[in-house]
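*Asks:* First, the structure itself, so that you have it in front of you.
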Amino acid sequence: MSEQDVDKSRRRFLTAATTVVGAIGAGVVAVPFVGSMVPSARALSAGASVEVDISKLEPGRRLVVEWRKQPVWVLHRTQQNLDDLAKLEDKLADTESNSSKQPAYAKNKHRAIKPEYLVVIGICTHLGCSPQYRPEVGNVDFDSGWLGGFFCACHGSKFDLAGRVYAGVPAPTNLVIPPYMYINNDKVVLIGEDGGVV
Ligand code: FES
């Protein structure tokens with residue numbers, strides 16, 4: 001795929017992103033989209049934040065919302081997911097996220113405020129495609145020892161369930177973590193505002 005094709009692909013995705021409800025990836029996970037996303041009063045004043053209700057987001061499931069015309073994923077990781085992150089470290093390019101973008105409060109081994117919830121911008125750091133959520137474990141079409149993560153089909157970049165990029169793929173850095181914080185007794189994630197650790 002050429003860079004021009006990738007740009008077109010990305011534009012199509014972003015255009016469709018406000019209306020799509022469906023599964024992304026190998027049909028393994030339904031992706032509820034936008035339904036729980038509402039602009040907050042703070043968002044309206046800031047013009048840049050989005051509230052995401054995570055109170056019904058079950059382990060293993062992911063919400064996809066739009067923030068600043070970018071897809072943002074909110075993934076409820078299972079304990080197994082968290083345990084598996086540690087097994088991947090020798091396969092990653094930037095395990096400690098030293099060369100990657102995230103708020104200081106998400107520069108940790110889970111790249112998150114709370115380990116169980118990953119909040120990440122769903123745009124590949126290579127040329128901007130949106131990777132697939134591939135939570136299955138085992139021998140998959142692009143990796144014989146896959147432990148779940150995100151796969152960018154444009155040029156084969158792989159990311160773990162913390163958005164950390166594998167070594168030896170085209171994407172140079174981990175997926176970007178946006179600013180976010182928890183509100184409403186931690187039932188809502190507010191994307192676009194820095195709240196730090198709660
Ligand atoms: S855009 Fe090239 S690998 Fe993702």
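Coordinate-derived values only; no laboratory data. Computed from a predicted model, the values in this text were never measured in an experiment. Every residue, glycine among them, receives a Cβ derived from its backbone with ideal geometry; neighbour counts consider all protein chains shown.
*Asks:* So if R0 is 30 Å, what FRET efficiency would Val137 and Ala48 give, r being the distance between their Cβ atoms, rounded to the nearest 0.05?
*Replies:* Efficiency for this residue pair is about 0.25.
*Asks:* Give, in nm to one decimal, the length gained when the segment between Lys69 and Asp90 is fully stretched (0.36 nm per residue of separation minus the Cα-Cα distance).
*Replies:* Residue separation times 0.36 nm, minus the Cα-Cα distance, leaves 4.2 nm.
*Asks:* Output the pairs from Lys69/Lys107; Lys87/Lys109; Lys114/Lys187; Lys109/Lys187; Lys56/Lys87 with a Cα-Cα distance over 19 Å in this structure; if there are none, say none.
*Replies:* Lys69/Lys107; Lys109/Lys187; Lys56/Lys87
*Asks:* Of the GluC sites (Glu not before Pro) in region 42-103, which ones lie in a loop per DSSP and count no more than 15 other C-beta atoms within 10 Å?
*Replies:* In loop regions of region 42-103 (DSSP not H, G, I, E or B), the sparsely surrounded GluC sites (Glu not before Pro) are Glu96.
*Asks:* Using 7 Å Cα-to-Cβ label points, what is the Gln79/Ser55 separation (nm, one decimal)?
*Replies:* Spacing of the two 7 Å Cα→Cβ label points: 2.5 nm.
*Asks:* Moving on to the next point. List the residues whose amide H sits under 5 Å from the amide H of Gln132, counting only those 5 or more places along or on another chain, with H placed 1.01 Å from N in the peptide plane.
*Replies:* The list, which skips near neighbours in sequence, is Phe151, Cys152, Ala153.
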